[in-house]
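One structure, pasted below without further comment.
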Amino acid sequence: MNREKSRAAYEKACRLLPGGVNSPVRAFQSVGVPPVFVQRAKGSHVWDIDGNEYIDYIGSWGPMILGHSPDFLQEDALEAIGRGISYGLPTTLEVEMAELITSAYPAAEMVRMVNSGTEATMSAIRLARGYTGRDKFIKFEGCYHGHSDCLLVKSGSGTLTYGTPTSPGVPADVVKHTLVCRYNSLDSVEEAFAANPGQVAAVIVEPVAGNMGVVPSAPGFLQGLRDICTREGAVLIFDEVITGFRLAFGGASERYGVRPDLVCFGKIIGAGMPVGAYGGRRELMEYVSPAGPVYQAGTLSGNPLAMFMGLKQLRWLESHRQVYGQLEDSAAYLEQGIRAALGRLGLDFCVNRAGSLLSLFFTHGPVKSYDDVKRSNLEQFGRYFRALLEQGILAAPAQFEAMFVSAAHTREELDTTLAAMEAALAASREG
């Protein structure tokens, strides 16, 4: 494929933006090629500025659950823009969004809108600390909850890709209250609570880790966290920025039958627009200003355009819940096809899937933790990615990210993808 325009755009961007991008994983550095600069997207496809067409499995990192730019989402959008795109004052759209979220997610009895998943998790941690009067909290190795200082400890996503799980610029005094446990290990959580009696405000977890690749929670892990937090008087926070409204209409809480005290959502509630939210038990949420003493604010929170677009997508999902079965079937079809290709090629690699999220790890399985993920052969993954890209398949440009299947992916496109994957896997062995 000719990507000279993308290459030239990247060279110019590198003179103007740190690393040429506005979010690290977009730089494609770990796969050894310049990034694809997108011109437009529709359905399951994106087109770059060179005119190349790709079947897309990034989907803006998750929110494009129905594919890019569904026709119904475009209806009345210009009229909504004409009414104004930001007021800094309340609108009924915010109330309608809160009503929909609380209906879909019973653990969220009240909701506060914010502007990103990072802001949601940061605010939830602050709320848990303020409510409990405790400073320490627990996160898990390889789980990424945004780039706020206290959470950049052994995190996943871009920090894992670039080999800096703890970022410079984060003071030691900030992270001294961050306790890091092993994902899928209740024993490590019990040890952390025992070593810090009465000091742990919260446990924050991705119910399905999606930022070190897809690593599902082991049976009993989430319920175990629920039981420990209840016993210890700590707040259980589900980071559902990736899984919310994707694994099920009620997110991972519905799928696994475990209720957190607080939950965080991201851009899926805005149909891909910049937005986030956190919610939870009423007594907790009433501790947020101006109802309570824990301060959090934002001029753009509850942005009317984001609320308008998000409500349209969520209401469609609410009235077409059968789409979750379709997504599950499509992702399972991909999973089975990848496993079959690995078998034919004699490759002992691991495929993990949870609903419509899946990852192919370039290591033998099982992959259940951060340590397992780190065994992946990154050089071979890079060769695989480049071969896949040449065949018009756009997957995440990092081993430690998920493939997102959308309702727009057809069976024919899945078959095309599987054929390209098998060829790319074969080519990856030739480095």
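Between Gln336, Gln313, which is polar (S, T, N, Q), farther than 27 Å from Lys374 by Cα and either in a helix (DSSP H, G or I) or open to solvent by 30 Å² or more (accessible area, probe 1.4 Å) (or both)? Steps first, answer last, please.
Details: Gln336 fails: farther than 27 Å from Lys374 by Cα.
So the residue among Gln336, Gln313 that is polar (S, T, N, Q), farther than 27 Å from Lys374 by Cα and either in a helix (DSSP H, G or I) or open to solvent by 30 Å² or more (accessible area, probe 1.4 Å) (or both) is Gln313.
Kindly list the number of the only condition in (1) under 24 Å from Ser369 (Cβ atoms); (2) of a type in the set (S, T, N, Q); (3) assigned to a loop (DSSP other than H, G, I, E, B); (4) open to solvent by 10 Å² or more (accessible area, probe 1.4 Å) that fails for Thr243.
(4)
Got a number for residues in region 293-310 being over 18 Å from Gly244 (Cβ atoms) and either part of a helix (DSSP H, G or I) or of a type in the set (Ser, Thr, Tyr) (or both)?
5
Just to check your reading of the model, which residue among Ile55, Ile65 is out of contact with any Gly (no Cβ under 6 Å at 6 or more places or on another chain), under 29 Å from Phe400 (Cβ atoms), open to solvent by less than 40 Å² (accessible area, probe 1.4 Å) and not in a loop (DSSP other than H, G, I, E, B)? Let's see the steps before the verdict.
On the way: Ile65 fails: not in a loop (DSSP other than H, G, I, E, B).
Checking each option against the conditions leaves just Ile55.
Which members of region 348-372 meet the condition of being of a type outside the set (Lys, Arg) and either assigned to a helix (DSSP H, G or I) or open to solvent by 30 Å² or more (accessible area, probe 1.4 Å) (or both)? Even if it seems obvious, please write down each step before you answer.
Step one: filter region 348-372 for residues of a type outside the set (Lys, Arg), giving 348-352, 354-367, 369-372.
Residues satisfying the conditions are Asp348, Phe349, His364, Gly365, Pro366, Tyr370, Asp371, Asp372.
Report the residue count in region 135-153 for those that are touching a helix residue (DSSP H, G or I) at 6+ places or on another chain (Cβ under 8 Å) and either part of a strand (DSSP E or B) or open to solvent by 50 Å² or more (accessible area, probe 1.4 Å) (or both). Write out each step before concluding.
Filtering region 135-153 for residues touching a helix residue (DSSP H, G or I) at 6+ places or on another chain (Cβ under 8 Å) gives 135, 137-142, 144-153.
Filter once more, so that each one left must be either part of a strand (DSSP E or B) or open to solvent by 50 Å² or more (accessible area, probe 1.4 Å) (or both): 135, 137-140, 144, 147, 149.
Looking only at that region, the number is 8.
Can you find, within region 80-134, the residue that is modelled with the highest pLDDT among those that are touching a Lys or Arg at 6+ places or on another chain (Cβ under 9 Å) and open to solvent by 70 Å² or more (accessible area, probe 1.4 Å)?
Selected residue: Glu109.
Moving on. Among the numbered criteria (1) modelled with pLDDT of 95 or more; (2) closer than 28 Å to Ala407 by Cβ; (3) surrounded by fewer than 19 Cβ atoms within 10 Å (Cβ to Cβ), which one does Glu75 miss?
(1)
Given the structure, is Ala202 surrounded by fewer than 17 Cβ atoms within 10 Å (Cβ to Cβ) and at negative phi?
Numbers: surrounded by fewer than 17 Cβ atoms within 10 Å (Cβ to Cβ): no; at negative phi: yes.
Considered against the rule, which asks whether it is surrounded by fewer than 17 Cβ atoms within 10 Å (Cβ to Cβ) and at negative phi, Ala202 comes out as no.
Would you point out which residue out of Pro24, Pro18 is at pLDDT below 95 and either among the basic types (Lys, Arg) or surrounded by fewer than 19 Cβ atoms within 10 Å (Cβ to Cβ) (or both)?
Pro24
Which of the residues belonging to region 67-97 are farther than 17 Å from Trp316 by Cβ and either in contact (Cβ under 8 Å) with a residue 60 or more places away in the chain or under 21 Å from the mean Cα position of the chain (by Cα) (or both)? Outline the logic, then answer.
Initial filter on region 67-97 (farther than 17 Å from Trp316 by Cβ): 78-79, 81-92, 94-95.
Across region 67-97, the qualifying residues are Ile81, Arg83, Gly84, Ile85, Ser86, Tyr87, Gly88, Pro90, Thr91, Glu94.
The values are calculated or read from the model by the stated rules, or taken from the named source; none is laboratory data. These figures come from a predicted structure and were not determined experimentally. Every residue, glycine among them, receives a Cβ derived from its backbone with ideal geometry; neighbour counts consider all protein chains shown. What goes into the accessible areas is simple: the full protein's heavy atoms, side chains included, and nothing from ligands, DNA or RNA. Shrake-Rupley method; radii C 1.70, N 1.55, O 1.52, S 1.80 Å.
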